[in-house]
Amino acid sequence: MRIATVEAIPTSPGRNFTIVKVTTDTGLVGWGDATLNGRELSAAATINEHLAPLLIGEDPLRIEHLWQALYLGAYWRGGPVLNTALAGIDMALWDILGKHAGLPVYQLLGGRTRHGANCYVHAAGVTVERLADKVREKLAAGYRFVRVQLEMTEGSSYNERILSTGQPGLDPADRTLPMQQRALPTVGEWEPTPYLRSIPKMFAGLRAELGDDVELLHDAHQRLTPIQAAALARELEPYHPFFFEDPVPPEHAAGLALVRATSTTPIAIGELFTDIPTCVAPIINRWLDYIRCDLGHIGGITPARKIAALAEPFAVKTAWHGPPDLSPVGHCANVHLDLATSNFGVQEWTDFATYPWAAKIAEVFLGGVTRREAWLDVPAKPGLGIDIDEAAARKYPYRRAYLPVVRRADGSVHPW
Ligand code: GCO
Ligand code: MG
């Protein structure tokens, strides 16, 4: 069996995704996800222009070997663009291996360690009362873990005040267009003091409204310095967050040593890590409790299982990134790994069925992750268990779109 074709297909059924199709000369088709939010065409061009010619004619079942050939063999390695492209290929090869073997990918990874993967979803509100109502809606829908964020402007979700929507004439409160479809970045303003003061109050208010049964998580989105992160982590202790996510940017991960030394709030980090080497120091120094890389940005299932294996003896659990900028193929890859990983912690989950463009997503992506209450599962079918209607995908061409940007009050650039 040989690889016959490799193609990245950018598509925008409501928001941009880059899906990857690999076919074999025996007629098998593997699907992968190479979506890099706001830079989708860079990963697509890497695949179509640079990686595809290296793969045609190769044995698709040599996944580890092909991964090394594309990663090390190019001399230039790592970084979000190259490792996102590699991830799309890697997922498609696992899908092909499963279809060839007649087994779901979780089976190839060692089989089920659990009946489902516990998941968390997002809730945000401009007041604690509104946020508590949103959390109640999630609980009523069966969820038990909810990530809670305060918004200063509706739709901002990380405590920033939206200054401009990036699209002339668009009302900042108009959420009918996803951020992804606005032709220029939305600009927000963020200051540390109001953020640091409001989050402990948010947690206190939510615990008073909701009690202790719900697991609450919070994302600082890499906006804090280590000393700010340490102060907030300590203040959150009485409210028992399940985890405090990305308190510091990846380049300051060593600063987490300070957070660890001064509080018992569990720490999760990793969505901006783009390779295995970046994960090593945080894990072996126990700076974190949950490693939450994005499978789609570290090179796929192949490196993720190595990271999970490295984390296990250090009592670090996995919580792979699962935002709306992962296509349903990427969400599927997450859940296969979750099911087969003994040190799985929790899975971030996006239910596209609740999005305004749900019908288009359902038209393009067929099958994939299923949910029963708070548990995610995948079909017990060969491969990843998801199909793509290629004609439908091609009906929705890529539309230029950016992630939002954030400025401090003095106009300087701050991580979004
Ligand atoms: C999360 C993330 C996302 C990112 C997004 C950027 O925890 O889900 O922080 O919301 O902002 O993936 O592309
Ligand atoms: Mg995050």
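Just subtract the alpha-carbon distance of E373 and S198 from 0.36 nm times their residue separation and send over the number in nm, one decimal.
Details: separation 175, 0.36 × 175 = 63.00 nm, distance 3.08 nm.
Length gained, E373 through S198: 59.9 nm.
With viscosity set to 1.002 mPa s and temperature to 20 °C, compute the Stokes-Einstein D of the range 6-79, Rh being the Kirkwood radius across alpha carbon pairs; µm²/s, no decimals.
Once the numbers are plugged in, D ends up at 163 µm²/s.
Could you list log10 I(q)/I(0) for the range 24-165 at q = 0.10, 0.12 Å⁻¹, which the Debye formula gives when each Cα is one point scatterer?
Log10 I(q)/I(0), no solvent term: -0.58, -0.75.
Using the Kirkwood formula on the Cα atoms of the range 296-341, what hydrodynamic radius do you get, in angstrom to one decimal?
Numbers: mean 1/r = 0.0904 Å⁻¹.
When all Cα pairs of the range 296-341 are included, the Kirkwood radius is 11.1 Å.
Counting Lys and Arg as +1 and Asp and Glu as -1, each charge on the Cβ, what is the dipole of the chain about the Cα centre in debye, to the nearest 20?
That gives a dipole near 100 debye.
Starting from the Cα gyration tensor of the range 370-416, multiply each eigenvalue by 5, take the square root, and state the resulting semi-axes largest first in whole Å.
Details: eigenvalues 287, 93, 14 Å².
Semi-axes, largest first: 38, 22, 8 Å.
Amide H to amide H under 5 Å from T370: which residues, 5+ apart in sequence or cross-chain, H placed 1.01 Å off N in plane?
So T370 has HN proximity to D377, V378.
Please list, or write none, the lysines whose alpha carbon is within less than 30 Å of the alpha carbon of K134, excluding same-chain residues fewer than 8 places away.
Cross-link targets: K201, K317, K360.
So if we plug the beta-carbon distance of L163 and A362 into 1/(1 + (r/R0)^6) with R0 = 45 Å, what FRET efficiency do we get, rounded to 0.05?
That gives a FRET efficiency of 0.80.
Give the long-range amide H neighbours of F243: residues separated by 5 or more places, or on another chain, with amide H under 5 Å away, using H modelled in the peptide plane at 1.01 Å from N.
Placed amide hydrogens put H218 under 5 Å from F243.
For V406, what residues show an amide H to amide H distance below 5 Å, using hydrogens built from the backbone and excluding near sequence neighbours?
G188, H414, W416
Using only Cα atoms, find the angle between the long axis of helix 226-236 and the longest principal axis of the chain, and express it within 0 to 90 degrees, rounded to the nearest 10.
That helix lies at roughly 70 degrees to the long axis.
Take every Cα-Cα distance within the range 320-416, group them into 10 Å bins from 0 onward, and report for each bin the whole-number percent of pairs it holds.
13, 38, 27, 16, 5, 0
When the label point is put 7 Å from the Cα of R39 along its Cα-to-beta-carbon vector, which residues of the range 290-329 have a backbone N closer than 13 Å?
Counting only backbone N, you get 297-298.
For the range 81-164, rounded, prolate or oblate, judged on the Cα gyration tensor with a ≥ b ≥ c (square roots of eigenvalues), a/c < 1.5 rounded, else prolate if a/b > b/c?
It is oblate, given that a/c is not under 1.5 and a/b is not larger than b/c.
If one takes the longest principal axis of the Cα atoms in the chain, at what angle in degrees, from 0 to 90 and to the nearest 10, does the Cα axis of helix 192-210 lie?
Taking Cα atoms only, the helix is inclined about 90 degrees.
Counting only protein heavy atoms and using a 1.4 Å probe, what share of the accessible area of the chain belongs to carbon plus sulfur, as a whole percent?
C and S atoms contribute 56 percent here.
Pull out the extension gain between E237 and A69, defined as 0.36 nm times the separation in residues minus the alpha carbon to alpha carbon distance; nm, one decimal. List each step's numbers first, then the result.
Working: separation 168, 0.36 × 168 = 60.48 nm, distance 4.60 nm.
So the chain would gain 55.9 nm between E237 and A69.
Using a 1.4 Å probe and counting only protein heavy atoms, arrange D90, D25 so the residue with the most accessible area comes first.
Per-residue accessible area, sorted high to low, gives D25, D90.
For the range 300-408, what does the accessible surface come to per residue with a 1.4 Å probe? Please give it in Å².
37
Tell me, what ³J(HN,Hα) does each residue in the range 295-305 have, in order and in whole Hz, if you take phi through Karplus 6.51 cos²θ - 1.76 cosθ + 1.60 with θ = phi - 60° and put x for Gly and Pro?
3, x, 10, 9, x, x, 5, 4, x, 5, 5
Each residue of the range 242-249 in order: what ³J(HN,Hα) in whole Hz does its phi give by Karplus 6.51 cos²θ - 1.76 cosθ + 1.60, θ = phi - 60°, with x for Gly and Pro?
My calculation for the range 242-249 gives 5, 7, 10, 9, 6, x, 10, x Hz in order.
Per the Kirkwood definition applied to all pairs of different Cα atoms, how many angstroms is the hydrodynamic radius of the range 185-326?
Roughly 15.7 Å, rounded to one decimal.
Convert 10 °C to kelvin, take the viscosity as 1.306 mPa s, use the Kirkwood radius over C-alpha pairs of the chain as Rh, and evaluate the Stokes-Einstein diffusion coefficient in µm²/s, rounded to a whole number.
73
The values are calculated or read from the model by the stated rules, or taken from the named source; none is laboratory data. Since we're looking at a predicted model, the values are computed, not measured. Using ideal geometry, Cβ is built from the backbone for each residue, glycine included, and neighbour counts are taken over all protein chains shown. Please note that ligands, DNA and RNA were not included when accessible areas were found on the heavy atoms of the full protein model with its side chains. Shrake-Rupley method; radii C 1.70, N 1.55, O 1.52, S 1.80 Å.
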